[in-house]
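Have a look at the structure below before the remarks.
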Amino acid sequence: MRFKSLWMALAIAITGSAAFAQDTRRPSHCLAIADATPGMAYIQKASWTAPVEQYSVRINYVAHATFLLQTPGGLNVATDFTGFLGNTALLPDVVTMNHAHDTHWTANPDPAIPHVLPGWGPFGEGIDHHVDLGEMLVRNVSTDIRSQFGGQEDNGNSIFIFEVEGLCIGHLGHLHHEPNDEQYAAIGRLDVVMVPVDGGYTLPREMMVRIVDRLRSSVVIPMHWFSGFALEAFLEEVQDSFVIDRRDSSFIEVSLRDLPSRPTVVVLRPEWLRDAQN
């Protein structure tokens, strides 16, 4: 009942986004060129308050499963949005949410946010997002979750995909099962993917490693790791297949021309956003 009430509370915000998406639907280039080999370039360090370099996307690890994606045109997109990004007046243009736990959504998003995209619909029905913002296309692939009472909620989680500046960026959300072949096909190519590596609350570690191996993204960013032990255990599992790049920073910039030549796990340090001091 709680989620049904939330669904009704978000209906107005969703309706505006859904209508916009329906009117501006376009093909996904991440699906069209899923078998193509991306170019090689790499990742630059920058401040989240600075302008984003042309043809690049800035990815800020804020907390837990929340990231802020920023584009050269000024779009700000928050994933698994809880209503709080830190000590900042920033109002995102788009927020995505998942409802496995209340650390992945808010029942009261600011009504001034233009596009509020929950990763679920009425219980068991899922939801379909395909929002074309011009500079960025946001879409989702539904997956199932374990319900709070020990059962299963069909289509209760969304893997969100952000297509921007030629890149395909994925956020796996609170993933509770390995995608099937149909879901992998719907995801398409992911150049960058944010993956939960807690080892239990979402998926057992060996299953998440198998997913990462199959996606074979150029850049993998661990999230949802709670403790250093969970993070280090994941890194140990993938170190033979992926380069491990530990950053003393919460943000990176990625461009299609600068993706690493070998699949790389980039470890970011989560940090709440703070507006620049005058």
Practice task
Within region 153-176, identify whether any single residue is free of Cβ contacts under 8 Å to residues at least 12 places away in the same chain and on the phi < 0 side of the Ramachandran plot, and answer yes or no.
Solution key: no
Practice task
Considering only region 145-252, give the strands (runs of 3 or more DSSP E) lying wholly within it that have at least 3 residues that are surrounded by 14 or more Cβ atoms within 10 Å (Cβ to Cβ) and touching an Asp or Glu at 6+ places or on another chain (Cβ under 8 Å).
Solution key: 152-164, 167-171
Completion exercise
Subset of region 253-273, residues of a type outside the set (A, V, I, L, M, F, W, C) and assigned to a strand (DSSP E or B), comes to 253, 255, 264
Handout entry: Qualifying positions in region 233-252 - without any contact (Cβ under 8 Å) to a residue 12 or more places away in the chain and touching a Phe, Trp or Tyr at 6+ places or on another chain (Cβ under 9 Å)
Key = none
Exercise for the section: Mind listing just one residue for me: the one in region 52-76 that is assigned to a strand (DSSP E or B) and of a type in the set (A, V, I, L, M) and, of those, surrounded by the fewest Cβ atoms within 10 Å (Cβ to Cβ)? Expected result: 63
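Each value in this text was obtained by applying a stated rule to the coordinates, not by laboratory testing. Computed from a predicted model, the values in this text were never measured in an experiment. Cβ sites come from the backbone with ideal geometry, for glycine too, and all protein chains shown count toward neighbours.
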